[in-house]
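Worksheet: one structure, shown below.
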Amino acid sequence: MKIAALVSGGVDSSVVVHQLKDMGYDPVIFYIQIGMENNEGYIDCSSEEDIEITTFIARKYGCRIEIVSLQKEYWENIIAYTIDTVHRGLTPNPDIMCNKLIKFGIFEQRWGYEFDKIATGHYATTTEINDEIYLSTAFDKVKDQTYFLGQIDYLQISKLMFPIGHLQKSEVRIIAAKQDLPSAFRKDSQGICFLGKINYSNFIRRYLGEKLGKIVELETGKILGNHKGYWFYTIGQRKGLYLSGGPWFVIKKDVQQNIVFVSNDYKSKIRYSKSLNLERVHFITRNIFDDFIDTKEIAFKIRHTPKFTFGKIRHIGNVYRIESESKIQGIAAGQFGVIYDKRCKLCLGSGVIIE
């Protein structure tokens, strides 16, 4: 079986190569360049150290390595999506879109199609039910990354391998140390490249600039201070407001008037409810709710966290409405809501949260 292994230089993807060799496979290693560090005005994400480590891994295990560039495509798809989403006052998730469009999208179209399987270092697994493949959660519930895979489709999940999905993170570190891998004690990345390597506010400032606006207390309408653009703030944010008499929290944003509304009363004023609406809902394998109309109990997440929230889902027109068993804190339009079965085993799909 021909396997392409996506290796970034981190400990997880490095151990993927070891696991594949241990299973008797001879993978071809691919390092995908996405940073555009040599272009003025682009993201500062040097790949030199990552490539050195990935090359070492390839030599150690006798694998062929290919360094491929998807820099232009990354800019056109992921960076542009992020900037546009922030500019509209919404909350983006570039990690989810990168997996869908870059790693398992454009890469597959140009290189991956030649291989039977694509292996990655995601903490996830797959489950076969009635001859159908489902994305399922990892054994390490803290490191589980299925939230970031909630937008992939059936053809993509059918071709993916997750060789470390049955391991705890601690076990991955132990394997890397025993194999003397240079990434054994390397810190985990913080997600998409530009979020981990440069200041996020500086990144947003570079593309959206600054625009002076007011910070207003939600309850009284009192002007508390000024800000340099609503796009620097997210719902629920506390740090970076620099206001006296706090703590203050961002409650909502007026995009048209460039106003950021804040409150001391986080719990009652924040988007802290027992329901949310999803549009553009995408199911990875299929919509199981069509077949089991009375079985609508689900688990779900609105951000990457080990904890699940439980509730029920129903279809209303073009929207799926989730009624939660408990209050949901910090709901923000633009976020992805990722849907799981009630056992928290299968990741079924996702949709975009709307007001």
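Solvent-accessible surface (1.4 Å probe) assigned to residue 315 amounts to roughly 100 Å².
Taking 0.36 nm per residue of sequence separation and removing the Cα-Cα distance, the residue 142/residue 242 pair yields an extension gain of 32.7 nm. Full extension of the chain between residue 76 and residue 316 gives 83.1 nm of extra length, using 0.36 nm per residue less the Cα-Cα distance.
In this structure segment 210-269 gives 59 Å² per residue of accessible area when probed at 1.4 Å with all protein chains present. Between residue 48 and residue 354, residue separation times 0.36 nm minus the direct Cα-Cα distance comes to 106.2 nm. Close amide H contacts of residue 274 (hydrogens built in the peptide plane, cut-off under 5 Å, sequence separation of 5 or more or a different chain): 328.
In the full protein context, segment 273-353 carries 47 Å² of accessible surface per residue, based on a 1.4 Å probe and ignoring ligands, DNA and RNA.
Only protein atoms count toward the accessible area here, which uses a 1.4 Å probe; on the chain, the carbon and sulfur part of that area reaches 49 percent. Across all Cα pairs in segment 273-353, the calculated P(r) in 10 Å bins from zero up to the longest distance comes to 19, 61, 19, 0 percent per bin.
Could you check the simple spin-label distance between residue 158 and residue 208, using points 7 Å along Cα→Cβ, in nm with one decimal? The two pseudo-label positions are separated by 3.9 nm.
Of all DSSP bridge pairs formed entirely within the chain, close to 75 percent run antiparallel.
Within the shell of other residues whose beta carbon sits under 9 angstrom from the beta carbon of residue 230, the net charge comes to +1, with Lys and Arg scored +1 and Asp and Glu -1.
The residues of segment 1-142 present an accessible area of 44 Å² per residue when probed at 1.4 Å with all protein chains retained. Each of the peptides 104-111, 66-73 was scored by the mean count of other Cβ atoms within 10 Å over its residues; in descending order, highest first, they stand as 104-111, 66-73. Classify the chain from the C-alpha gyration tensor, please: rounded if a/c falls under 1.5, else prolate or oblate depending on whether a/b exceeds b/c. Verdict is oblate for the chain. Separation of the alpha carbons by more than 21 angstrom is noted, of 274/342; 159/345; 21/60; 117/178; 141/178, for 117/178; 141/178.
The values are calculated or read from the model by the stated rules, or taken from the named source; none is laboratory data. Worth saying up front: this structure is predicted, and the values here are computed from it rather than measured. So basically every Cβ, Gly included, is an ideal-geometry build from the backbone, and we count neighbours across all protein chains shown. What goes into the accessible areas is simple: the full protein's heavy atoms, side chains included, and nothing from ligands, DNA or RNA. Shrake-Rupley method; radii C 1.70, N 1.55, O 1.52, S 1.80 Å.
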